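Take a look at this one; I'll ask things after.
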Amino acid sequence: MNDDLLNRKLTRKDFFKKTCLFCLGAGLFSYLENMAPRKAYPLGAGASFLHEAGFYKKIDEQTVQCGLCPRRCTLSEGQRGFCRVREAHGGKLYSMVHSRPCSIAIDPIEKKPFFHFLPGIAVFSIATAGCNYRCKYCQNWQISQSAPEEVEGYSLSAGEAAAQARGKGCPAIAYTYTEPVIFYEYMLDTAKEARANGIRNLCHTNGSFNPEPAENIAPYLDGANIDLKGFDRGFYTDVCAGFLDETLNTLKIFRKHNVWIEITNLVVPTLNDDMGAIRQMCGWIKDNLGPDVPLHFSRFHPQYKLTGLSPTPVATLEQAWQVARESGLNYVYIGNVPGHPAEHTYCPQCKENVIQRSGYTILSNNVIDGKCKFCQGRIAGVWH
């Protein structure tokens, strides 16, 4: 990729062409989203969705300890974990959200975002209520920061989810919107059903698995976009109530199992936009995952508890992009800035634009059999 990439400008004609195509694409996927049948359940009917959890141990006859995420919540009878969706009953731990999604949609895969995994396909997306983080800027806080009883939900078994994905012509299911770690059993059962039906499995996650659950689910995942929220433990603790080290470990586990990885870093002004930390993060990615892992720098917009901040300056995103390129990463993107030249994919060998995008819409794709059409150089990703 040429260093003058960020200086390239769109012509007026190209701008209107891309804008029109983007709007048409967004309309198509809104229509497809509304096709998915939704069956509401009455509030307070959570008992019918109880499903014994995996990865917990009994402390005594009335107390259990969850081992799914780094919090390792210890729960007595009737208590729920930090995630709001795992509850102790009779000396056992139960998930309250198995087969109980609160969001069902059909999205372009670029929305996840995946830029190097079957570009242009539609993915069947599901999520449940709850999260094991408390990110102050969460864009889906209405469902991620709620208990299952507090949001409208739907009855959809793992087998039904796989059947709907296949029926709607979606080659992949995405576990997304909230945190898939907390609906682990539902994700795993659905992934198994999907795999049996020739459907790929993708997740967008904060990566806060404990090692054993990560090792257990990795063979059923084809791709994972992991939010690497920053490279500072203080930021993780103060802004996200999260875990940096465990996220880095999950990245290494998924890489070991040949899960296709992409990374998203939401750049929040004054909180995680230090270029020294970003340089450290990029160096860690290259050294531990390799130079071909795509890195998406996403623009922050004020929401939830951080409405007092301004949107990320585009210049800050461009500076982060430059740092990542200087660190040796081959595929670096700027997100949430439609029309920016850094949302395209460029061949690392000949620097040609091989995938041209506008928002979530693919305008052109010159990757053929995993290679650049212009120089035959390899483009990392999943293309078939």
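The values are calculated or read from the model by the stated rules, or taken from the named source; none is laboratory data. Worth saying up front: this structure is predicted, and the values here are computed from it rather than measured. Cβ sites come from the backbone with ideal geometry, for glycine too, and all protein chains shown count toward neighbours. The area values use the complete protein model at the heavy-atom level, side chains included, leaving out ligands, DNA and RNA. Shrake-Rupley method; radii C 1.70, N 1.55, O 1.52, S 1.80 Å.
Could you go through region 161-171 and let me know if any residue there is touching a residue at least 40 places away in the same chain (Cβ under 8 Å), within 16 Å of the chain's Cα centre (by Cα) and buried (at least 24 other Cβ atoms within 10 Å of the Cβ).
There is no residue in region 161-171 that is touching a residue at least 40 places away in the same chain (Cβ under 8 Å), within 16 Å of the chain's Cα centre (by Cα) and buried (at least 24 other Cβ atoms within 10 Å of the Cβ).
Another question about this same structure. Among 91, 46, 25, which is modelled with pLDDT under 95 and either more than 25 Å from the chain's Cα centre (by Cα) or of a type in the set (Asp, Glu) (or both)?
Answer to the selection: 46.
Before we move on, is residue 276 under 26 Å from residue 121 (Cα atoms), open to solvent by less than 60 Å² (accessible area, probe 1.4 Å) and of a type outside the set (Phe, Trp, Tyr)?
When the stated conditions are applied, residue 276 does not pass them.
Residues of region 345-369 being touching a strand residue (DSSP E or B) at 6+ places or on another chain (Cβ under 6 Å), under 14 Å from residue 381 (Cβ atoms) and not in a strand (DSSP E or B), which ones?
347, 366, listed by residue number.
Every residue, every condition in (1) part of a helix (DSSP H, G or I); (2) open to solvent by 30 Å² or more (accessible area, probe 1.4 Å); (3) among the hydrophobic types (A, V, I, L, M, F, W, C), yes or no:
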residue: 101; (1), (2), (3): no, no, no
residue: 106; (1), (2), (3): no, no, yes
residue: 120; (1), (2), (3): no, yes, no
residue: 126; (1), (2), (3): no, no, yes
residue: 129; (1), (2), (3): no, no, yes
residue: 139; (1), (2), (3): no, yes, no
residue: 149; (1), (2), (3): yes, yes, no
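Sticking with this structure for a sec: Please verify whether residue 356 is out of contact with any His (no Cβ under 9 Å at 6 or more places or on another chain) and either open to solvent by 40 Å² or more (accessible area, probe 1.4 Å) or among the charged types (D, E, K, R) (or both), treating the condition exactly as stated.
no
The rows are residues; the columns are (1) outside any loop (DSSP other than H, G, I, E, B); (2) open to solvent by less than 10 Å² (accessible area, probe 1.4 Å); (3) at pLDDT 95 or above; (4) in contact with a strand residue (DSSP E or B) (Cβ under 8 Å, 6 or more places away or on another chain).
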residue: 183; (1), (2), (3), (4): yes, yes, yes, yes
residue: 187; (1), (2), (3), (4): yes, yes, yes, yes
residue: 190; (1), (2), (3), (4): yes, yes, yes, yes
residue: 193; (1), (2), (3), (4): yes, no, yes, no
residue: 201; (1), (2), (3), (4): yes, yes, yes, yes
residue: 204; (1), (2), (3), (4): yes, no, yes, yes
residue: 209; (1), (2), (3), (4): no, yes, yes, no
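Taking region 186-221 as the search range and keeping residues that are out of contact with any Leu (no Cβ under 8 Å at 6 or more places or on another chain) and of a type in the set (Lys, Arg), which one is farthest from residue 171 (Cα to Cα)?
Once the filter is applied, the top-ranked residue is 192.
I would also like to ask the following. Among the residues in region 321-333, are any touching a helix residue (DSSP H, G or I) at 6+ places or on another chain (Cβ under 8 Å) and of a type in the set (Val, Ile, Thr)?
Yes, because at least one residue in region 321-333 is touching a helix residue (DSSP H, G or I) at 6+ places or on another chain (Cβ under 8 Å) and of a type in the set (Val, Ile, Thr).
Filter region 306-359 down to residues that are charged (D, E, K, R) and within 21 Å of the chain's Cα centre (by Cα) and give me whichever is farthest from residue 271 (Cα to Cα).
Across region 306-359, the extreme among qualifying residues is 357.
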